[in-house]
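What follows draws every value from the coordinates through simple rules; no lab data is involved. Predicted model, so just to flag it, every value in this text is computed and none were measured. All Cβ positions, even for glycine, are placed from backbone atoms using ideal geometry, and neighbour counts span all protein chains on display.
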Amino acid sequence: DLYKSGFTQGEIDIAKIYVTGNFLLSLENSTNRMLKIGREISYSKRIVPIDEMVKMIKEVREKDINNLVKEYLDLGKFSIAATGPVNEKLMEKIAADLKV
């Protein structure tokens with residue numbers, strides 16, 4: 001269903017509030033703050049200011065999220081692998097359940 005219809009703007013707004021709140025709360029812990037700085041220096045060679053990070057979260061658009069859903073949740077791109085005592089009937093059921 002998510003692949004077909006995507007997220008609504010309301011759902012995305014709630015997620016942005018949640019992500020922003022968790023991000024800001026995580027910075028109250030000095031260990032988390034130092035880990036954030038270390039990751040940013042390692043990955044991008046710059047420290048992203050907190051207000052810039054919050055701005056980037058707020059700028060995420062419904063279209064951006066739903067494009068990612070289409071790209072990463074396309075069941076036609078998935079494969080099934082199994083090990084152990086798996087019979088053909090079970091594999092057929094799993095494949096049928098994954099049909100879009």
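Key figures for this structure:
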read-out: Computed helical MRE - 222 nm, the chain, DSSP H runs ≥ 4 contributing -39500 (n - 2.57), nearest 500; value: -20500 deg cm²/dmol
read-out: Label point distance in nm, ALA95-SER44, each placed 7 Å from Cα along Cα→Cβ; value: 4.4 nm
read-out: Dipole magnitude (debye, nearest 20) for the chain, charges at Cβ of Lys, Arg, Asp, Glu; value: 280 debye
read-out: Net charge of neighbours whose Cβ lies under 14 Å from the Cβ of ILE47, counting Lys and Arg as +1 and Asp and Glu as -1; value: +2
read-out: The chain - percent relative contact order, Cα under 8 Å, separation 6 or more; value: 38 percent
read-out: Fraction in percent of alpha-carbon pairs per bin - 10 Å, the range 48-100; value: 18, 28, 21, 16, 14, 2
read-out: For the chain: lysine pairs under 16 Å (alpha-carbon distance), excluding those fewer than 8 apart on one chain; value: 11
read-out: Interatomic Cα distance distribution for the chain, bins of 5 angstrom, percent; value: 2, 10, 14, 14, 12, 12, 12, 10, 9, 5, 1
read-out: Full-stretch length increase - ILE80, THR20 - with 0.36 nm per residue and alpha-carbon distance subtracted; value: 18.0 nm
